[in-house]
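The values are calculated or read from the model by the stated rules, or taken from the named source; none is laboratory data. Bear in mind that the values here come from a model prediction, so they are computed numbers and not experimental data. Positions of Cβ are backbone-derived with ideal geometry, glycine not excepted, and every protein chain shown enters the neighbour counts. When the accessible area is computed, the model is the full protein with side chains, heavy atoms only, and any ligands, DNA or RNA have been set aside. Shrake-Rupley method; radii C 1.70, N 1.55, O 1.52, S 1.80 Å.
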Amino acid sequence: MPKIVDHDQRRSEIVEAFLAVVARDGLSAATSRAIAAELGIGTGALWHYFDGFDEVAAGAYMRITERTNDRIAAATAGLRGLDAFYAMIREILPLTKETRDEAFVVVAFWGRLAANSKIDQSRADVGDNWGGQIAGRLAEAIEDGVLTATIPIPEVVEVVLMICIGQQVSAVMADPMVDAGRRLAMIDHCLSPWRP
């Protein structure tokens, strides 16, 4: 009797193997052969579940988004205002090995997305999700009296998100001028005009 394989579970395992290879050996090492070896299967078996690397990259991007959302929820639990805002930003910016590894996968996905619009539907709308959360935290900061009511929240949210995206690219390029402290200082600078 043929072995029954859960298609979704196997796709998830392939994505996890891709992320494990990236974390251990770097993005350039995440080849079909390396992913198959990580799973202990033949290379051809990968392509029963994905049509190509673009789909694997899209799956990895979605998984990273889920992980980041989980980290944000845990980091901000019980916090509000600027405390919650900074806890959230620390989970998005590439400040740790984990988030720097994730930046490589995210930026690689963006590159694939530019060349293959068919994987666009795989993209999570993090801008709306994270933007809404950031806006809520800034509104709380106004209520708490640590930001003035004149802050243009939608515009500041856009700038903060663009800094986060830019820092993903900067991490991938290994920019020596931007260390963790400077990454956070850029965010501080965005808020400084509206601190009482």
Angle check, please: helix 97-115 long axis (alpha carbons) against the longest principal axis of the chain (alpha carbons), in degrees 0 to 90, nearest 10.
70 degrees
Suppose all protein chains stay in the model; what accessible area per residue would a 1.4 Å probe give for the chain, in Å²?
53 Å²
Once both axes come from the Cα atoms, what is the angle between helix 180-191 and the longest principal axis of the chain, in degrees from 0 to 90, rounded to 10?
50 degrees
Can you pull the three principal axis extents for the Cα set of the chain, in Å, largest first?
70, 37, 30
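Relative contact order for the stretch 73-173: what is it in percent, counting Cα pairs under 8 Å that are at least 6 residues apart?
On the way: 73 pairs, mean separation 42.1, N = 101.
Relative contact order, the stretch 73-173: 42 percent.
Determine the shape class of the stretch 56-103: with a ≥ b ≥ c the square roots of the Cα gyration tensor eigenvalues, call it rounded for a/c under 1.5, and otherwise prolate if a/b is greater than b/c, oblate otherwise. Working shown, then result.
Details: a/c = 3.27, a/b = 1.88, b/c = 1.74.
Taking the square roots of the gyration eigenvalues as a ≥ b ≥ c, the stretch 56-103 is prolate.
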Relative to the first principal axis of the alpha-carbon coordinates of the chain, what is the inclination of helix 7-25, with its axis defined by its Cα atoms, in degrees from 0 to 90 and to the nearest 10?
70 degrees
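Under a Cβ-Cβ cut-off of 12 Å, what is the net charge of the residues other than Ile153 that fall near it, where Lys and Arg count +1 and Asp and Glu count -1? Before the final figure, lay out each step's value.
Numbers: positive: Arg137; negative: Glu140, Glu155, Glu158.
Taking every other residue near Ile153 into account, the sum is -2.
To the nearest whole percent, what portion of all C-alpha pairs in the stretch 1-96 is separated by more than 20 angstrom? Provide the component values of the computation, followed by the final result.
Working: 2154 of 4560 pairs.
Tail fraction, whole percent: 47.
Explain nothing, just the number: relative contact order of the stretch 11-103, from Cα pairs under 8 Å at least 6 residues apart, as a whole percent.
Numbers: 68 pairs, mean separation 22.5, N = 93.
The normalised contact order for the stretch 11-103 reaches 24 percent.
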Anyone know which of Ala139, Ala58, Ala37 comes out most mobile in the 10 Å Cα GNM of the chain?
Ala37
